[in-house]
Amino acid sequence: MSLWRQLTHGLRGLAHRKQRDGEADDEVLHYLEEATAAWKSRGLSDEEAKRAARLEVGNITAVEEEVRSYGWENKVRTFVSDLRFAARQLRNHPGFTVVCILTLALGIGASTAIFSAINPILFKPLPYPHPGRVLMIWCTSQGSRWEVSFGSYRELAARSHSFDATAIFEPWQPALTGASQPERLEGQSVSAEFFRVLGVAPVLGRDFLASEDTFNGPRVVILSDSIWHRVFHGDPAILGRAVRLSDDNYTVVGVMPRDFENVLAPRAEVWTPAQYDPRQLVTDLNGWGWGEHLRMVGRLKAGVSRRQATQELSKIASTPWPQFPRPRWASLRRGLIVDSLQDDIAHTVKPALLAVLGAVILLLAIAWVNVVNLVLARGSQRREEFAVRGALGASKGRIIRQLITENLLLAWFGGMAGVIVAFAGLRALVALSPAELPRTDVMAIDPAALFFALAVTAMVGIAAGLIPAIHISRGEMQAGLQQNSRRTAGGRGSTRRALVVIEVALAFILLVSAGLLLRSMRRLLAVNPGFDPSHLLTMQVATSGHQFDNVVSAPGAGARAGDRARRRFYEQALDAVRHVPGVEQAAFTSLLPLSDDPPVDALYGAQFEDQSGDTGENVFRYAISPEYCETMGIPLLSGRFLDERDTGSSPQVALISESLAKSHFGHASPLGKRLHVGPRNRPWYTVAGVVGDVKQTSLTINQSDAVYLSSEQTWFADDRLSFVIRTSGESAALAPAIERAIWSVDKNQPVVRVMTMEHMIAGTEAERRFVLILFEAFGLVAVVLAAVGMYGLLSGNVAERTREMGVRAALGASRGDILSLILRDGMRLTLFGIMIGLCGGIAATQAIATLLFGTSPLDPIAWAGVVAMLAGVSAIACWAPAWRASRVDPAITLRAQ
Amino acid sequence: MSEQNTDVIQGTLDMLILKTLSLEPLHGFGIGRRVEQISRGVFKVNPGSLLTALQRLERAGWLDSEWRQTENSRRAKFYRLTAAGKKQLEVETADWARRVSAIARLLREGA
């Protein structure tokens, strides 16, 4: 009942506010009149009675305010009027407001966007049941991860007892033909338990059966939801239908759920059983089953820890059993690398992501410091206002409430702008993100992160607003009123000075990191890839179809019929490409440097004639057409290039790279020496020439041992070749004509990865570039914020010290003296900040050392550059207030007081 | 009037107002003056607290108010006890009596 009355009375009070206030005032006035009358009746004169009554009642306005403010509705009213007052305050100080809101928006937005992007990669569990139990298992080569062979997988799976399920998988890119243009699908060739390891089952149909993952087993396929809709229009009767992939009919047995996220191959749309032949493992140690090109996953049994599994696997690796023979390269004696799936997919990008996370935290800290600084500055400018309001009867609580309202309003605007920045920022991040970044499809603004940033910002804002409020005890309010007359040096807000120093220091750390990354990028782009990437167009063409099958059962040369068809197709295609107008030179290669061609597929053992037994080196094997080196611009150092004379029937020759020649022959000439590449039961290759080194997989890695063979003289015909085409004009524009030329030979062969070489090289450094862009952006924002902080501090100082400047000028200080006084003040703070930043920077740059290339974390140019830049920017920020101070006219200021 | 007037004991203002109004309807100043008179000037009522308390009691349903002419023909807000207010007065009086006797006992025992 009472609650109801509270509500109705309150609402009535709100509706008839004027009347209610009038009544309250009237009641107080009546009280005063009665009191006056009472005093008069005791014999006081009119004047004396009035005085006595006033004394009795106290401050009329304050009493009226007290009486009026009873009831919850008045709290609402006060809040609304506070809000309106706050909005007016913000509007009247647009510079302050805009800078605060922008700062908050940048801080909140950037940190939320970055955290939202990083969270699914590093922290959020993968979208599988018990994701912590899914492990990746790798072989080891020189301490890093190396793919496993089917033979190793079979032994590990058979001997280990730690796993519920294990699987291997490798990329599978079948051609989907029949449509207007042949399309190459992304897919995976997997062992039967692949989906069981992930813990995901098809939503339609069934999973693979063990009987389907057998040598020459039935051709079956599981589709992703996306391809089911894209190509088959979501046909519910898809199960059991035959789909033509690479010239074969595959029966659809299942469709994966729409929300199935495949972190192992995000773009895979089709899956088929791998169908390896376990019998061949024992009979043929050189066979396909021992090629190390598979990745292996396993799901731990409940209750088995990763540690136990790792120990068991390494025990298996170190104790071979006779029933599982191992070839030399798959001896497993270097051990295995076992990692959780989540850590595994993130391990290459983790240092970069952590660096970015650190940078954004620094940025957020700078934003907070800046806002606190601005609010404090506003607070000290408003001391007079508070003093006046206090003198007029506003209680301390009332003023504090007003301040909090103002800061909350500011935080709210900043937060809303921050949300916008966060959404835009995340979209930009995903668009900019390098291909290696996993899980970009599921990146979305993390509500928890956004809420956290908003809450902390609101709290920081309130705290900053409270600091001036706390100073306003009654006594200080009076001091505030008197301050007018003694506003000189001294008490110049040491908190704010410290904050500016912190800002400069934080900005310095960010800038030094950005500077080092920039230097690295410069170094990297200056690296000579060993060929000329300008005006070079590349595209990959894979052959698919039964005309390229080798018929193993056919006798003699018939067995290689497929290889011959493949070579013929590529030669005809190359010929067609060479006839496209605008093409200057064209060639093809089995391995394109700095592309995403998997390097493991191209690494073979090479052995020179004078080497024996197991010795030799791993080299990149290039199967090339004539003119490849000329088209790429790879220089010939001695001997000759490969040309049309090197056919399948002529003597076998090879080009070797300079580094291989040097490491094996020193200064002696390798020409005419003989070597084996790959299988050793074939004729020797004779070295016909030495060519320059080429960066094979990355500009940062020196792995340049390479052997170039004529594509007609290799022991198998590659089914996937990259065309390289040097054009006279803009190379990207020629792409459609060249694709048409290839399809004029065979319209069923998909052409993919059409890209200029320059674009491709940029892509290999995408991760580094991504980090660099972020650091540059954050560094820039940090400098601007620090400059704003410095400018705000000094302007405030100068405004407060106008009188002092006037006195100084009157006593004979020249404009230059005053200018340098303020400048020195600002530069001293900058110097402090830089000194602190130097210490912090040394620690921070160690953390990004792994991201640097050819640049020391203590690179003097980067450090000196940043010192100079910060000093320059802060000098500019100091200049305006200093100039204003030097223009103070002593006559005017002194008279004004 | 005594020089030693004291502020009303915390929490008893409501009871004093209710008691004062149980005799006859009064306006704000009248209530304050009556409390002072009856307490022989021991209690002094702060006008701000008094007027706020009146609003609170009215909001709680224990008082009614109306604007009326006073003897010297000025409009003033008069407060009157409601039935609920009467009951509340009894509750508070009983409660007060209980406390006073308890304190008295404590003081006696302690001596």
Worksheet entry | chain A, helix-only ellipticity at 222 nm - DSSP H runs n ≥ 4, -39,500 (n - 2.57), divided by all residues, nearest 500 | -17000 deg cm²/dmol
Fill in: Computed lengthening from residue A:427 to residue A:385, 0.36 nm per intervening residue step minus Cα-Cα distance
10.7 nm
Worksheet item: By how many degrees, 0 to 90 and rounded to 10, does the Cα axis of helix A:735-745 deviate from the longest principal axis of chain A?
Response: 30 degrees
Practice prompt. Specify the inter-centroid distance of segment A:153-169 and segment A:86-111, based on alpha-carbon positions, in whole Å.
Written response: 59 Å
Discussion item. Give me the dipole magnitude in Debye, nearest 20, for segment A:150-207 about the Cα centre, with unit charges on the beta carbon: positive for Lys and Arg, negative for Asp and Glu.
Written reply: 100 debye
Worksheet item: Using a Gaussian network model of chain B with C-alpha springs under 10 Å, which one of B:21, B:81, B:57 is most mobile by mean-square fluctuation?
Response: B:57
Practice prompt. Specify the inter-centroid distance of segment A:185-213 and segment B:79-111, based on alpha-carbon positions, in whole Å.
Written response: 82 Å
Worksheet item: To the nearest 0.05, what FRET efficiency results for residue A:895 and residue A:820 with a Förster distance of 41 Å applied to their C-beta separation?
Response: 0.95
Worksheet, complete the sentence: Computed over chain A: longest principal axis from alpha-carbon atoms vs helix A:561-578 long axis, angle to nearest 10 degrees, is 60 degrees
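What shape does segment A:666-722 have by the C-alpha gyration tensor, where a ≥ b ≥ c are the square roots of the eigenvalues, rounded means a/c under 1.5, and otherwise prolate means a/b greater than b/c and oblate the rest? Walk me through the intermediate numbers first.
Details: a/c = 2.12, a/b = 1.08, b/c = 1.96.
Verdict is oblate for segment A:666-722.
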Item to complete: Count neighbours as other Cβ atoms within 10 Å of each site's Cβ, and list the GluC sites (Glu not before Pro) in segment B:42-99 that are DSSP loop with at most 12 such neighbours.
Response: B:71
Worksheet item: Using alpha carbon centroids, what distance separates segment A:831-851 and segment A:309-332, in Å?
Response: 46 Å
Practice prompt. Provide A:226, A:162 in ascending order of the number of other Cβ atoms located within 10 Å of each residue's Cβ, fewest first.
Written response: A:226, A:162
Discussion item. As I understand it, the value is the acute angle between the Cα axis of helix A:2-15 and the longest principal axis of the Cα atoms of chain A; what does it come to in degrees, rounded to 10?
Written reply: 80 degrees
Worksheet item: Once the other residues with Cβ under 13 Å from the Cβ of residue A:524 are scored (Lys, Arg +1; Asp, Glu -1), what is the net sum?
Response: +4
Worksheet entry | chain A, dipole about Cα centre (Lys/Arg Cβ +1, Asp/Glu Cβ -1), debye to the nearest 20 | 2880 debye
Discussion item. Just want the ordering: A:570, A:791, from fewest to most Cβ atoms lying within 10 Å of their own Cβ.
Written reply: A:791, A:570
Worksheet item: What is the spread of the Cα atoms of chain A along each of their three principal axes, largest first, in whole Å?
Response: 140, 77, 58
Practice prompt. Please arrange A:368, A:228 by counting, for each residue, the other beta carbons lying within 10 Å of its beta carbon, fewest first.
Written response: A:228, A:368
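We did not get these values from a lab; they are worked out from the coordinates using the rules stated. Computed from a predicted structure; not experimentally measured. Every residue, glycine among them, receives a Cβ derived from its backbone with ideal geometry; neighbour counts consider all protein chains shown.
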